[in-house]
Structure formats: C-alpha cells, structure tokens
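What follows is a short report on a single structure.
Readers should treat all values here as calculations from the given coordinates under stated rules, not as data from a laboratory. Just so it is clear, the structure is predicted and the values come from calculations on it, not from any experiment. As a convention, Cβ positions derive from the backbone with ideal geometry for all residues, glycine included, and neighbour counts pool all protein chains shown.
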Protein chains: 2
Amino acid sequence: MAARDALEIVQGKWRIPIVISLTFGDKRFGQIQRDIPDISPKMLSQELKALEVNKLLTRTIHDTMPVTVEYSLTPLGKSMNKLIEDILDWGVYFRQEVLEK
Amino acid sequence: MAARDALEIVQGKWRIPIVISLTFGDKRFGQIQRDIPDISPKMLSQELKALEVNKLLTRTIHDTMPVTVEYSLTPLGKSMNKLIEDILDWGVYFRQEVLEK
DNA sequence: CCGAATCCTGTTTGATACTG
DNA sequence: CAGTATCAAACAGGATTCGG
C-alpha cells in the first residue's frame, strides 16, 4: 500500500512542520527552530537527518566563518506542497467542526 | 497552527488506514481487521475509539444475535477524502523517486 | 551559532491469551 | 463476533553536556 510508504515519511510530530518551514525558503538550523518553538535541538537534528535520508531536503555546508549550514527542500520535498495544503485545510475544517462546537 | 490539530488526529500507524478502509463502505470490526492484516485487535479497538471521540466515525450496535457492531465515517471523516487521495498519490510518487531508484 | 553525544523517562505499540 | 487483559518491547522525546 502506498499509504504506508507516505505515512512512514510523514509520521512524527515534527516532519511536516519542518517541511512547512522550508516551503517558505531555505533556512538555517536556528531559523527552523524559531519557526517551531517547542522543538528541541536534538529532535530537530534527528528529524532533519531523517528527511535528508529520504531525499526530501538537502543539507549544504557553507564554508564561511563561522560555518553555516543551510537546509533546502528537494523537488521531492516541494512535491509535498499539495499534501501539506490539504492538511492545513482539513485542520481548519476539523477545528471548526469539532473543537469549536 | 492548524497543521498541529490535523496531525494529532492523523498521527499513528493505523488511523489513516482505518479511515481508508471505511471510505469503501461501512464495516464491522473483523472486516476492518482483514483490510489491515497486521493490526492487533487491541490497536484496532483503541484507534477506533480515538477516531470516534474525534467525530471521524460512528459506532453503531445492531441488536441482532449475535450482536454486530458497525463503523461508519461521519461527514467529517469523509471530508478527509481529498487528503487521503493526496497521501496515496504522494506515496506513489515517493516510491518511484526514492525506493525504486 | 550549529549542532553531536549521552543518558534517561514515559508513552506507544505489539504478542498473546482470554471473555461475553 | 467484538473486543479486554496482561505483560513486554520499542520508540519518541526531553535534559543535559559538550565541541568546532
């Protein structure tokens, strides 16, 4: 089932939020962390790695001083755009129907 | 963030598969279990309850002999349709791009 | 600033057996 | 048929400390 493959990538509290953060442009570690206030550096580091392994994003080291590391979505990562929009849309709908009634 | 609300509902290995199973019609406990071969009765029971609490499905007891219980998506549950399609689509794409290359 | 490495905890999940 | 009960394993997440 294709759902299983997709779900495995998307599972966990943080991956979708990370991808969302990067849809608005390439970011550095600290910038992503600011977008997702309650993520610990450990989890961010760990999830970024997982997403890199699955080819959703790339990690580029800029040899500046001090070193900066930039994260950027791959085309595959960007292809989640539609999926993410639907998640957001559905989240809004769900909120109206359940949380606010 | 609306993403958070949606994600909380959708999280876990089994909820999406359960909703998928029910999009093809109302089902009974054992039928869902057959659709999702590796789910344990415990997990199925637990996740069905969670989905019921979140108003994604209803549980109807038919007073037959023996008793049968039928699960059926609510309009809110059905509203996940588009989301689920996109998950499946993206899963197929992901498979092509990563798993088969 | 951008992480890596360890250690530790609670929740989630699973295997299995059993019940009305 | 439609679940519960119990026990164990796995995993996610957090706290803290350290390094270039």
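Do any GluC sites (Glu not before Pro) in chain A lie in a DSSP loop with no more than 13 other beta carbon atoms within 10 Å, and if so, which?
Those satisfying the criteria are A:Glu100.
What residues of region A:48-68 lie in the reach of a label at B:Glu100, counting those whose backbone N is under 20 Å from a point 7 Å from the Cα along Cα→Cβ?
In region A:48-68, the label zone of B:Glu100 (backbone N under 20 Å from the point 7 Å along Cα→Cβ) covers A:54-56.
Amide H of B:Arg28 versus every other amide H placed in the peptide plane: which residues, excluding those fewer than 5 positions away on the same chain, fall under 5 Å?
Residues meeting the criterion, in which the H sits 1.01 Å from N, are B:Tyr71.
Per residue of A:74-86, how many C-beta atoms from partner chains lie within 10 Å of its own C-beta, taken as a mean?
Partner Cβ neighbours, averaged per residue: 4.
To the nearest 20 Debye, how big is the dipole of the protein assembly as shown about its Cα centre, given +1 on the beta carbon of each Lys and Arg and -1 on that of each Asp and Glu?
Here the size comes out at about 320 debye.
Using 0.36 nm per residue, how much length does the chain from A:Thr23 to A:Ser45 gain when fully extended, once their Cα-Cα distance is taken away?
6.1 nm is the gain from fully extending A:Thr23 to A:Ser45.
Round to a whole angstrom and tell me the spacing of the C-alpha centers of region B:38-83 and region B:7-37.
When both Cα centres are located, 8 Å separates them.
With charges only on Cβ, +1 for K and R and -1 for D and E, what is the dipole size of chain B about its Cα centre, in debye, rounded to 20?
That gives a dipole near 180 debye.
Using the Karplus curve 6.51 cos²θ - 1.76 cosθ + 1.60 with θ = phi - 60°, work out ³J(HN,Hα) for each residue of region B:31-47 in order, rounded to whole Hz, and write x for Gly and Pro.
6, 5, 4, 6, 5, 10, x, 9, 8, 7, x, 4, 5, 4, 4, 5, 6
Once phi is turned into ³J(HN,Hα) by the Karplus curve 6.51 cos²θ - 1.76 cosθ + 1.60 with θ = phi - 60°, what whole-Hz value does each residue of region B:72-81 show in order, with x for glycine and proline?
Rounded to whole hertz, the list is 8, 5, 7, x, 4, x, 5, 5, 7, 3.
If you line up the Cα atoms of region B:32-101 on their principal axes, what length do they span on each, largest first, in Å?
Result for region B:32-101: principal-axis Cα extents of 53, 27, 18 Å.
Would you pull out the residues with amide H under 5 Å of B:Thr68's amide H, same chain only if 5 or more places away, H placed 1.01 Å from N?
B:His62
Could you work out, residue by residue across B:8-20, how many beta carbons of other chains sit within 10 Å of that residue's beta carbon, and then give the average as an integer?
Other-chain Cβ atoms within 10 Å of each residue's Cβ, averaged: 3.
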